[in-house]
Amino acid sequence: MQSPPSDADQRRNIKPVICYPVDGLPRRDLLLYAKALEGAEKIGETLVPARDARMFTVPAGHFFRMSCPEGPQVGDLNLWNADDITERFYTGKTRALHGTHVTTGESLWSSFPMLRPMATVTTDTLGWYGIDPFGGSVHDVIGTRCDPYTGNLLSGTHYHHCCHSNLTRALADHLDVALKEAEPHVHDVLNVFMCTGFTRDTGQYFMKASPVRQGDYLELFAEIDLLGALSACPGGDCSSEHSSDEAQCHPLLVEVFKPAVGALDGWEPPQPNGYDGTHGR
Ligand SMILES: [Zn+2]
């Protein structure tokens, strides 16, 4: 390695600048959402079996709540615009705007050219966790998803119940298309309940046992009509390993709630991004 220059420490000690100050983001009305939730009625639920995925839909202006009814379990979430699945959850930009992990008040943003909030976190019972001494936190948008390709690269395996495969099968069945047609629509996930970070010394992605317990939940408000897919990760609580049948796994529950008539008066779904789309031509 090249030896450091004489002003190395001076350069290292320059203070960072936040890339995207979020003060200018269009605000979602969290107080209105909280009030709408009070009188909301549960209209459906989907149980996601361990090591598998299930699809669900959430109309704009409804809430969906993800929980672990039987024990600690991490979930991998994909979201699409229910009317056009080319608009999908964009973890990279969500991360750039809100940080490596999301919690109450933060939105999940959609892909270009729409770039608008698809859903906004209204309740996170693990919000108390914050950032632990290892730099870990909960509900990340950094971990992509467990997949059989990386498993094959690292250990030559052909494991078929990674979140990527679970999401691919679920979407293929939902759209009634071949796996090959569904697979390109599966995208980087919100790692619900997963506790992750980057090691300070090597910068590597790490996971640790999720702090989630029965009764905890992550609840979001659907800003647009949503098609969702949730995989109960084969890593279970992700305390040891994933991409195998070794870890103890549990199901996940998705519940959908409909606000009372009039509870969202004044609310409007976010419009597509205002950029004119000409790219200089
Ligand atoms: Zn997984």
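The values are calculated or read from the model by the stated rules, or taken from the named source; none is laboratory data. Computed from a predicted model, the values in this text were never measured in an experiment. Cβ coordinates were reconstructed from backbone atoms using ideal geometry, including for glycine residues, and neighbour counts include every protein chain displayed.
Of the residues in the range 68-78, none is away from the ligand (no atom under 16 Å from the Cβ), at pLDDT 95 or above, part of a loop (DSSP other than H, G, I, E, B) and among the aliphatic types (A, V, I, L, M).
Please go through the range 79-100 and give me each residue that is closer than 23 Å to residue 216 by Cα and assigned to a strand (DSSP E or B), ordered by number. Across the range 79-100, the qualifying residue is only 79.
Exactly one residue out of 56, 64 is crowded, with 24+ Cβ neighbours inside 10 Å and within 26 Å of residue 111 (Cα to Cα), and it is 64.
Residue-level check: of (1) buried (at least 19 other Cβ atoms within 10 Å of the Cβ); (2) of a type in the set (Val, Ile, Thr); (3) farther than 27 Å from residue 194 by Cα, residue 48 misses just (3). Where helices (runs of 4 or more DSSP H) fall entirely within the range 133-237, those with at least 2 residues that are within 16 Å of the ligand (Cβ to nearest atom) are at 148-155, 163-175.
Exactly one residue out of 185, 174, 139 is touching a strand residue (DSSP E or B) at 6+ places or on another chain (Cβ under 9 Å), touching a residue at least 40 places away in the same chain (Cβ under 8 Å) and more than 20 Å from residue 91 (Cα to Cα): that is 174.
Within the range 258-265, the presence of at least one residue that is surrounded by 13 or more Cβ atoms within 10 Å (Cβ to Cβ), away from the ligand (no atom under 16 Å from the Cβ) and assigned to a strand (DSSP E or B) is confirmed.
Among residues of the range 8-26 that are farther than 30 Å from residue 269 by Cα, those with a Cβ under 8 angstrom from a residue that is in a loop (DSSP other than H, G, I, E, B), sequence gap 6+ or separate chain, pair up as 11/5.
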